[in-house]
1. Going through segment 92-113 one residue at a time, which ones are in contact with a helix residue (DSSP H, G or I) (Cβ under 6 Å, 6 or more places away or on another chain), in a loop (DSSP other than H, G, I, E, B) and surrounded by fewer than 24 Cβ atoms within 10 Å (Cβ to Cβ)?
2. Go through segment 13-40 and give me each residue that's out of contact with any helix residue (DSSP H, G or I) (no Cβ under 6 Å at 6 or more places or on another chain), assigned to a loop (DSSP other than H, G, I, E, B) and over 25 Å from residue 90 (Cβ atoms).
3. Surrounded by 14 or more Cβ atoms within 10 Å (Cβ to Cβ) and in a helix (DSSP H, G or I): does that describe residue 166?
4. Would you pick out the residues in segment 67-91 that are touching a helix residue (DSSP H, G or I) at 6+ places or on another chain (Cβ under 6 Å), crowded, with 24+ Cβ neighbours inside 10 Å and either without any contact (Cβ under 8 Å) to a residue 12 or more places away in the chain or part of a helix (DSSP H, G or I) (or both)?
5. Spot the failing condition for residue 3; the list is (1) in a loop (DSSP other than H, G, I, E, B); (2) at pLDDT 95 or above, and only one is missed.
6. Are any residues in segment 83-117 at positive phi and either modelled with pLDDT under 95 or out of contact with any strand residue (DSSP E or B) (no Cβ under 8 Å at 6 or more places or on another chain) (or both), and if so, which ones?
7. From the list 133, 149, 121, exactly one residue is in contact with a strand residue (DSSP E or B) (Cβ under 6 Å, 6 or more places away or on another chain) and over 19 Å from residue 11 (Cα atoms). Which is it?
């Protein structure tokens with residue numbers, strides 16, 4: 001299947017990402033023809049908490065939401081905590097929402113959504129320990145495998161990756177129409 005051919009997807013991560021939460025969504029969108037760019041706070045390469053090493057294509061200070069059609073935020077405690085401290089990464093995330101482009105976050109990737117102040121009046125899920133943070137940022141938090149709310153796809157853990165990946169592919173294929181209320 002190649003219904004995402006020509007689609008440009010940014011994956012925003014840094015050291016300490018949850019390995020499968022980065023590699024599995026990348027494989028899913030590439031399988032459907034999307035072009036993936038790994039964006040990070042620094043250049044070179046990044047390493048997941050279980051040792052997967054990934055080459056960084058671009059720094060967060062060098063890209064814009066204009067360059068992409070969708071954004072994926074993998075989890076990992078260290079990854080989520082570090083990415084949300086990067087002003088360029090927060091601004092990039094906020095700009096995807098301003099442009100109504102699909103965004104997907106799993107596990108601790110939801111932290112950057114809180115810092116980007118894009119959760120007000122949205123229903124989301126995440127790793128359970130983020131519940132209070134996301135609620136304080138204005139979201140309604142639910143304990144579900146995957147939640148899709150107006151272009152935002154969220155999931156909890158690596159166990160949810162099959163549903164998360166399917167929802168990402170569908171949201172990217174729908175593009176900005178994914179932002180309308182169903």
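The values are calculated or read from the model by the stated rules, or taken from the named source; none is laboratory data. Since the structure is predicted, the reported quantities are computational estimates derived from the model, not experimental observations. Virtual Cβ from ideal backbone geometry, glycine too; neighbours counted across all protein chains shown.
1. 99, 100, listed by residue number.
2. Result: 33, single match.
3. On the way: surrounded by 14 or more Cβ atoms within 10 Å (Cβ to Cβ): no; in a helix (DSSP H, G or I): yes.
No: the conditions fail for residue 166.
4. Listed by number, the residues that qualify are 80, 83, 89.
5. If we test residue 3 against (1) in a loop (DSSP other than H, G, I, E, B); (2) at pLDDT 95 or above, just (2) comes out false.
6. 100, 117, listed by residue number.
7. 149
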